Each structure stands twice: as C-alpha cells, then as structure tokens.
1. Whole-Hz ³J(HN,Hα) for each residue in segment 70-80, computed from phi via Karplus 6.51 cos²θ - 1.76 cosθ + 1.60 with θ = phi - 60°, x for glycine and proline: what do you get?
2. As an exercise, identify the GluC sites (Glu not before Pro) in segment 44-114 lying in DSSP coil whose Cβ has no more than 10 other Cβ atoms within 10 Å.
3. For the chain, what proportion of DSSP beta bridges, expressed in % and rounded to the nearest 5, is antiparallel?
4. Answer with one residue from P68, S102, P57: the one whose Cα lies farthest towards the positive end of the charge dipole of segment 9-111, charges on Cβ with Lys, Arg +1 and Asp, Glu -1.
5. How far apart, in nanometres, would the label points at L103 and L82 be if each is projected 7 angstrom from Cα along the Cα-to-Cβ direction?
6. Once every Cα of segment 9-111 carries one equal point scatterer and solvent is ignored, give the base-10 log of I(q)/I(0) from the Debye formula at q = 0.16, 0.17, 0.18, 0.23 Å⁻¹, two decimals.
Amino acid sequence: MDDSGAMTDDQHEIAVSLPDSSIISSNARFATYRRSFNRPTGLNSDDSVCLQSDLLPIAASIHFNGSPIDTPSESSIEIGRLLLPHNEVVVRIAAERFPDASLASASLEIIHAP
C-alpha cells in the first residue's frame, strides 16, 4: 500500500483521480476513485442532491459514507437523504471498464424545491 492507504499497481489496485487517462495502461485489476466533501450549505429538507458521474453505471461497487449502495443504470443517483456533515464516496472500477472510466468526471447537482 502507498501512504494514502490505496493498493499500488503491483498489488492489483490503483487509486486515481477524475479524469485520469493513465489508467488505460495500468496492469491493475481495479481502480478506486475516492472523493471526500462536506454537506452543501443552504439545503432545505425538500431539496434534492444528486451525485453525477459516468463512473456510476460501470462501477464494480459504490460505497457512500462506508455503506454500499446499488450500482445505478444511469449516471446520477440521489444522495440527499444520505448526506452527513462530512461525506465520502468510493467507486471501484474493474479493469475492463478502464477505457470508459478514463474520461469520467463527477459532480454534485443541487435541485432546490420550488
């Protein structure tokens, strides 16, 4: 493992940032995308918060704040009810999906209730 706790390439898993085209040439069996963020400010109880990323439907696994969540068929999932003051999303991608993952990005979309 490296200093961040991620397994190194020779251990069959790498930690990468978004986007990261270097994973295409990796010999790793998995890549792990990890992102920490704070709960957005100014949210009302009726507001919706969606995590958007092309990684989501190709993920081998997704964990939000340490709990597994189902891999969606779309590139967006509603996470408003799961938000804590400090949050972490971890998306694990298998090697055969590296080309698709190499250009992916991630963002939060806040949809304010009318």
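The numbers here are math on the coordinates, done by the rules we state, and not lab data. Since the structure is predicted, the reported quantities are computational estimates derived from the model, not experimental observations. Heads up, the Cβs are rebuilt from the backbone with ideal geometry, glycines too, and the neighbour counts pull from every protein chain shown.
1. These are the phi-based 3J(HN,Hα) values: 5, 6, x, 7, 10, 8, 9, 9, 7, 10, x Hz.
2. Working: sites: E74, E78, E88, E96, E109; in loops: E74.
Passing both the DSSP loop test and the Cβ count: E74.
3. Working: 25 of 29 bridges.
Approximately 85 percent, going by the DSSP bridge assignments.
4. So the residue furthest toward the plus end is P68.
5. For L103 paired with L82, the spin-label model returns 2.6 nm.
6. At q = 0.16, 0.17, 0.18, 0.23 Å⁻¹ the computed log10 ratios are -0.67, -0.74, -0.82, -1.22.
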